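The values are calculated or read from the model by the stated rules, or taken from the named source; none is laboratory data. These numbers were taken from a predicted model, which means no experiment stands behind them. As a convention, Cβ positions derive from the backbone with ideal geometry for all residues, glycine included, and neighbour counts pool all protein chains shown. Heavy atoms of the whole protein, side chains included, go into the accessibility calculation; ligands, DNA and RNA do not. Shrake-Rupley method; radii C 1.70, N 1.55, O 1.52, S 1.80 Å.
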Amino acid sequence: MVNESIVRAFGLEPGAFEVKKFGSGHINNTFLLSGEQGQYILQKINTYVFREPEVIARNQRLAADYLAARHPDYLFINPIPTASGEELYVHEGEYWRMIPFIPGSTSVDQADTPKQAYEAARQFGKMARLLHGIDLHGFRATIPNFHNLTLRYSAFQEAIRLAKEERKQYADELINRFLRHSDIAVTFETLKTDPAFSDRLMHHDTKINNVLLNKHTFEGICVCDLDTLMPGKIISDLGDMVRTYVSPVSEEERDFSRIAVRDEYFEALMKGYLSEVGSTLSNAERAHLFYAGKFMIYMQGIRFLTDYLNGDVYYPIKYPEHNYNRAMNQLTLLERLIEKEDKLQQVIDACLKN
């Protein structure tokens, strides 16, 4: 399962540990090492997704150094160096890293209570607040253009132009419904060059399973899975929380009548996030907090529809209309969110006053 030389490279004796597959992530291969010396997380980085693992390591080191100097009590999960002091171990062309296991922690794959949504959002907000003001010049994108809606919208238009006629006809109504919301892409084009909407160091993947919770109380402990820690906009992190916390069903749900925006979850995540990061926001950022949810849901929706039109070349599918249905799912969520904009904006305004 794991070559013994990899474990040994981190200064551990392989025979002293039991090795098991760990977690529900789909990108990296993750293992839990358990033994009398403690527990550790060992990961093989997916170099198809992350073409330059050294960039991940550098970004994390720069953030860790900044936090250690200014906020030494903050729990930032920093990889354990190899016995020779390297941040990554390369074995047969594969990149490995070791991460401390946090005792008493757990993670959940979906927000089952508003408290979980609040605690997770508060941890992402806390990290954003503590990293606010860090010099971004040394950081690079671990996935270039990851949340570049301009690029995604351009790819969507190109897919419409080049799609096979059968797929284009099948998706015609869905295409037009997404195009009617093109103002979301236009807004992003304005924001990305607005000096009052500057880049921050963002997590970029704020699904709830990227926060460690206390396994007994479900109170937040810290943020984990920092592969996509890189410069970006506040709408990326907040928007991904809205996209993945507020609906009772995931993007895989085909019964679109079950898709809804749960007000209490929206309020909980906004309270948690803004209680931490709110004091650092510019007026331009404050004015676009509701937009964050629209931005992320719309972008993910057109990515699914683009892939459907292109012949399902990016996202793995389990049946022919899989990406079409994922896109319809996200469009439904977007429309449910927009229907409640006035009410939910009042929630945001109340959170900003506290």
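General observations
- Relative to the longest principal axis of the Cα atoms of the chain, the long axis of helix 53-70 makes an angle of roughly 80 degrees.
- Against the chain, whose longest principal axis is taken from its Cα atoms, helix 114-131 shows a tilt of about 70°.
- List His216, His203, ordered by accessible area with a 1.4 Å probe, largest first: His216, His203
- The base-10 log of I(q)/I(0) for the stretch 300-354, evaluated at q = 0.23, 0.29, 0.30 Å⁻¹, reads -0.78, -1.03, -1.07 [Debye formula, identical scatterers on Cα atoms, solvent excluded].
- Inter-label distance, Leu151 to Arg254: 3.2 nm, where each label sits 7 Å from its Cα along the C-beta direction.
- Nearest-20 debye value, the stretch 1-88 charge dipole, Cβ charges on Lys, Arg, Asp, Glu: 280
- When the pairs Lys168/Lys294; Lys115/Lys340; Lys215/Lys340; Lys44/Lys294; Lys21/Lys115; Lys192/Lys318 are compared against a 31 Å limit on Cα-Cα distance, Lys215/Lys340; Lys44/Lys294; Lys192/Lys318 fall above it.
- Summing charges over all other residues whose Cβ lies under 10 Å from the Cβ of Ala111, with Lys and Arg as +1 and Asp and Glu as -1, gives 0.
- Surface share of carbon and sulfur [accessible, 1.4 angstrom probe, percent] for the stretch 145-226: 48
- Inter-site label distance for Glu36 and His71 at 7 Å from Cα along Cβ, in nm: 3.9
- Fully extending the segment from His132 to Arg161, taken as 0.36 nm per residue of separation minus the present Cα-Cα distance, adds 6.3 nm.
- In plain terms, the C-alpha convex hull of the stretch 61-213 casts an average shadow of 14.6 nm² when viewed from every direction.
- Theoretical gain in end-to-end length, Glu173 to Tyr48 [0.36 nm per residue, Cα-Cα removed]: 41.6 nm
- Furthest towards positive pole of dipole, Pro100, Asn29, Tyr40, structure part the stretch 14-108, Cβ charges: Asn29
- Dipole magnitude of the stretch 208-308 about its Cα centre (Cβ charges: Lys, Arg +1; Asp, Glu -1), debye to nearest 20: 200
- Sorted into 5 angstrom bins from 0, the C-alpha pair distances of the stretch 1-145 split as 2, 8, 15, 18, 20, 18, 12, 5, 1 percent.
- Seen from a random direction on average, the alpha-carbon convex hull of the chain projects onto 18.7 square nanometres.
- Charges were assigned to the Cβ only: +1 to each Lys and Arg, -1 to each Asp and Glu. The resulting dipole of the stretch 141-256 about its Cα centre is roughly 160 debye.
- Neighbours of His288, meaning other residues whose beta-carbon lies under 10 angstrom from its beta-carbon, give a summed charge of +1 when Lys and Arg score +1 and Asp and Glu score -1.
- Positive dipole terminus of the stretch 193-347, leading residue within Ile297, Tyr315, Ser250 (C-beta point charges): Ser250
- Per-residue ellipticity at 222 nm from helix content only, as computed over the chain with -39500 (n - 2.57) for each DSSP H run of at least four residues, stands at -14500 deg cm²/dmol.
- Rounded Å value of the spacing that divides the Cα centres of the stretch 164-239 and the stretch 285-354: 9
- The 1.4 Å probe gives accessible areas that order Ile143, Ile184, largest first, as Ile143, Ile184.
- Net charge, Asp349 excluded, C-beta distance under 15 Å - Lys, Arg +1, Asp, Glu -1: 0
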